[in-house]
Amino acid sequence: MPELPEVQTVVNDLDAAGLTGRRVLAADVSWPRTVRGMTPEEFAAAIAGRRFEALGRRAKWITADLSEDYTLLIHLRMSGRLHFTAPEEPRSKHEHVALTLDDGRELRFHDTRKFGRVILTREPREILGKLGVEPLGADFDLKTFEALLAGRSRMIKALLFDQEIVAGLGNIYIDEALWEAKLHPSRRADTLTSAELKRLYKAIPLVLRRGLKNLGTTLGTGKTTFYSVAGRRGGNKEDLRVFRRTGEACPRCGETVVRLVLAQRSTHVCPRCQAAPD
DNA sequence: GCCCTTTCCTGGAAGC
DNA sequence: TGCTTCCAGGAAAGGG
């Protein structure tokens, strides 16, 4: 499941592969819902001739500034992947968008579960403008973080999922950050003490930077796990403390890690380090 | 306004 | 072993 570290890894890899500066000659869309907001024909007509000018990331969106004020926004959601191929390479049934580039390669969007989105727009702020603070950005300070959570009665795990509050977190890094901060995920945000908020504020960038350094988290070997460009696996799985470690010993205290379901998501906690609320 | 549920999809695990 | 059922997951839409 690509979250902030995985998406940033893909952006870095696309850049290293020389996507910036390339021009799109043609596009083919085989699953229309992927290019939300346009028909496949409109998408192909609008992107043809556009040049990739800059690559970036906002929350879990890959952002590509194109020529003539277009922006290409790519969200990998659960299972999206990007890779370069030769045009004659047969198209897999999960490759829903193919961009023919002016250097003889194709950039293909592969998405087993079809939740991903490839959006071409001249108004990226309609999508990116409502996103919350970047947890690795300069704007993420303790006062901002406290203000974002102040007066919220929802459980902290559900709030951290909300992309309009802190942008880029998902199930893996939320569980890891809450473990680092020794907070139970079902704690209501407005019950956190200032010391607890400070621990969480420090834990979020810590686990994201660790994930980024390891080039993301790849779980298992299936068609739905994370792979970066050129099929490279991320190495962060070995560095996870509790996520998908049900039944194993907590690396801090030795208690057995348990799995529960909160906010409709599997959740992993150390019952000793992360005391449940009453 | 806030919060919870449902929907979108398919592969793969679990159950029989 | 082989078939069927169910679950995972992010975000947006819908409902209370």
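Derivation of every value follows stated rules applied to the coordinates shown; laboratory data play no part. The structure displayed is predicted, hence computed values, not measured ones. Heads up, the Cβs are rebuilt from the backbone with ideal geometry, glycines too, and the neighbour counts pull from every protein chain shown.
Give, in nm to one decimal, the length gained when the segment between residue A:23 and residue A:252 is fully stretched (0.36 nm per residue of separation minus the Cα-Cα distance).
Working: separation 229, 0.36 × 229 = 82.44 nm, distance 5.07 nm.
Separation in residues times 0.36 nm, less the Cα-Cα distance, equals 77.4 nm.
Mind checking the angle between helix A:4-16 and chain A's longest principal axis? C-alpha axes, 0 to 90 degrees, to the nearest 10.
On a 0 to 90 degree scale, this one is about 30.
At 0.36 nm per residue, minus the direct Cα-Cα distance, what do residue A:275 and residue A:126 gain on full extension? Give it in nm, one decimal, please.
49.6 nm
With a point put 7 Å past each Cα toward its Cβ, work out how far residue A:143 is from residue A:223 in nm, to one decimal.
5.2 nm
Please list, in order along segment A:209-224, the HN-Hα scalar couplings obtained from phi with the Karplus expression 6.51 cos²θ - 1.76 cosθ + 1.60 (θ = phi - 60°), rounded to whole Hz, x for Gly and Pro.
Going residue by residue, I get 5, 4, x, 5, 4, 8, 6, x, 10, 10, 9, x, 9, x, 7, 10 Hz, with x marking Gly and Pro.
State log₁₀ I(q)/I(0) for chain A at q = 0.11, 0.12, 0.14, 0.16 Å⁻¹ as given by the Debye formula over alpha-carbon point scatterers of equal weight, solvent excluded.
Debye output, listed in q order: -0.66, -0.76, -0.98, -1.19.
Work out from phi, with θ = phi - 60° and the Karplus expression 6.51 cos²θ - 1.76 cosθ + 1.60, the ³J(HN,Hα) of each residue of segment A:129-143, listed in order in whole Hz, and give x for Gly and Pro.
Calculated HN-Hα couplings, in order: x, 8, 6, x, 5, 7, x, 9, x, 5, 6, 7, 10, 4, 4 Hz.
Got a sec to turn the phi values of segment A:42-50 into Karplus ³J(HN,Hα) couplings, 6.51 cos²θ - 1.76 cosθ + 1.60 with θ = phi - 60°, whole Hz, x for Gly and Pro?
Running phi through 6.51 cos²θ - 1.76 cosθ + 1.60 with θ = phi - 60° gives 5, 4, 5, 5, 6, 8, 4, x, 7 Hz.
Once Lys and Arg get +1 and Asp and Glu get -1 on their Cβ, which of A:159, A:66, A:56 lies farthest toward the positive end of the dipole of segment A:56-178?
My answer, from the dipole projection, is A:159.
At 222 nm, what value in deg cm²/dmol follows for chain A if DSSP H runs of at least 4 each add -39500 (n - 2.57) and the sum is divided by all its residues, to the nearest 500?
Result for chain A, helices only: -7000 deg cm²/dmol.
So, in nm, how far is label residue A:134 from label residue A:78 when the simple model puts each one 7 Å beyond its Cα toward the Cβ?
Those two pseudo-labels are separated by 2.9 nm.
Just the ratio, please: alpha-carbon radius of gyration of segment A:166-278 over 2.2 N^0.38 Å, N its number of residues.
Working: Rg = 14.4 Å, N = 113, 2.2 N^0.38 = 13.3 Å.
That ratio works out to 1.08.
Taking the convex hull of the alpha carbon atoms in segment A:44-103, what volume per residue do you get, in Å³? Intermediate values should be presented prior to the final figure.
On the way: hull volume 6.2 nm³, N = 60.
Measuring per residue, one finds 103 Å³ for the Cα hull of segment A:44-103.
Around residue A:277, with a cut-off of 14 angstrom between Cβ atoms, what is the net charge of the other residues, counting Lys and Arg +1 and Asp and Glu -1? The partial results should precede the final answer.
Working: positive: A:154, A:157, A:182, A:187, A:188; negative: A:190, A:196, A:278.
Net charge around residue A:277: +2.
Give me the one-decimal nm value for the distance between modelled label points at residue A:195 and residue A:266, 7 Å along each residue's Cα-to-Cβ direction.
So the label points at residue A:195 and residue A:266 sit 3.4 nm apart.
For segment A:11-161, what size does the Cα cloud have along each of its three principal axes, sorted from largest down, in whole Å?
Each principal axis gives a Cα extent; for segment A:11-161 these are 55, 29, 27 Å.
Using a Förster distance of 51 angstrom, determine the FRET efficiency expected from the C-beta separation of residue A:150 and residue A:88, and round it to 0.05. Before the final figure, lay out the partial values.
Values: r = 57 Å, r/R0 = 1.12.
About 0.35, to the nearest 0.05.
Name the residue from A:174, A:129, A:219 whose Cα lies farthest towards the positive end of the charge dipole of segment A:126-278, charges +1 on Cβ of Lys and Arg and -1 on Cβ of Asp and Glu.
Ranked along the dipole, the leading option is A:219.
Restricting to lysines 8 or more places apart or on different chains, can you count the pairs in chain A with Cα atoms under 23 Å from each other?
28
For chain A, find the longest principal axis of its Cα atoms and tell me its angle to the long axis of helix A:171-180, 0 to 90°, nearest 10.
30 degrees
Whats the longest run of chain A with zero GluC sites (Glu not before Pro) that are DSSP loop and have at most 16 other Cβ atoms within 10 Å?
Working: sites that count: A:68, A:88, A:164, A:248, A:255.
With a cap of 16 other Cβ atoms within 10 Å, the longest stretch comes to A:165-247.
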